[in-house]
Amino acid sequence: MKRFMAVFTGSPSAFDNYMKRFPSEEQRKANDRKGMEAWKKWVEGHSGAIVDMGAPLGRTKRVTKDGIADVRNNLGAYTVVQAESQEDAAKLFRDHPHFTIFPGDGVEIMECLPIPQMD
């Protein structure tokens with residue numbers, strides 16, 4: 001089995017649309033509860049493939065040769081799964097609550113490759 005990192009993405013426009021769909025805090029909280037229940041069900045249904053549940057991601061700092069800076073990106077959370085192929089890993093996330101209930105706009109799947117050996 002190979003390992004794959006799934007990165008949950010969310011753009012500012014997806015969040016803005018979410019806020020328009022659920023303008024009151026009460027509506028958002030109700031939808032968030034629905035989303036968390038669906039996410040829990042997704043986890044239970046895919047527990048055999050989940051290697052690391054991951055976590056939501058906070059604010060980002062970018063480090064370069066020029067220093068450290070605050071930056072914005074669309075990365076919202078991550079999970080690590082195992083599957084035979086990238087296609088199989090991607091199929092685990094079809095209809096995921098991240099983008100069917102919450103304001104996320106996608107899940108990007110990348111294989112976790114082995115570290116090259118240095119001789």
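The values are calculated or read from the model by the stated rules, or taken from the named source; none is laboratory data. As the structure is a prediction and not an experimental result, all values here were calculated from the model. Backbone-built Cβ (ideal geometry, glycine too); neighbour counts: all protein chains shown.
Numbers below:
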{"read-out": "Selected residue (criterion: farthest from F4 (Cα to Cα)) from residues of segment 50-84 that are under 12 Å from the mean Cα position of the chain (by Cα) and surrounded by fewer than 10 Cβ atoms within 10 Å (Cβ to Cβ)", "value": "P56"}
{"read-out": "Which numbered condition A30 fails, given (1) of a type outside the set (F, W, Y); (2) in contact (Cβ under 8 Å) with a residue 40 or more places away in the chain; (3) surrounded by 12 or more Cβ atoms within 10 Å (Cβ to Cβ)", "value": "(2)"}
{"read-out": "Test: residue in segment 33-42 that is buried (at least 16 other Cβ atoms within 10 Å of the Cβ), touching a Ser or Thr at 6+ places or on another chain (Cβ under 9 Å) and closer than 14 Å to I109 by Cα", "value": "no"}
{"read-out": "Matching residues in segment 79-106 - criterion: being out of contact with any helix residue (DSSP H, G or I) (no Cβ under 6 Å at 6 or more places or on another chain) and among the aliphatic types (A, V, I, L, M)", "value": "V80, A89, A90, L92"}
{"read-out": "Residue within segment 98-112 that is at pLDDT 95 or above, touching a strand residue (DSSP E or B) at 6+ places or on another chain (Cβ under 6 Å), over 27 Å from D16 (Cα atoms) and surrounded by 16 or more Cβ atoms within 10 Å (Cβ to Cβ) present", "value": "no"}
{"read-out": "Hey, A6 surrounded by fewer than 17 Cβ atoms within 10 Å (Cβ to Cβ) and part of a strand (DSSP E or B) or not", "value": "no"}
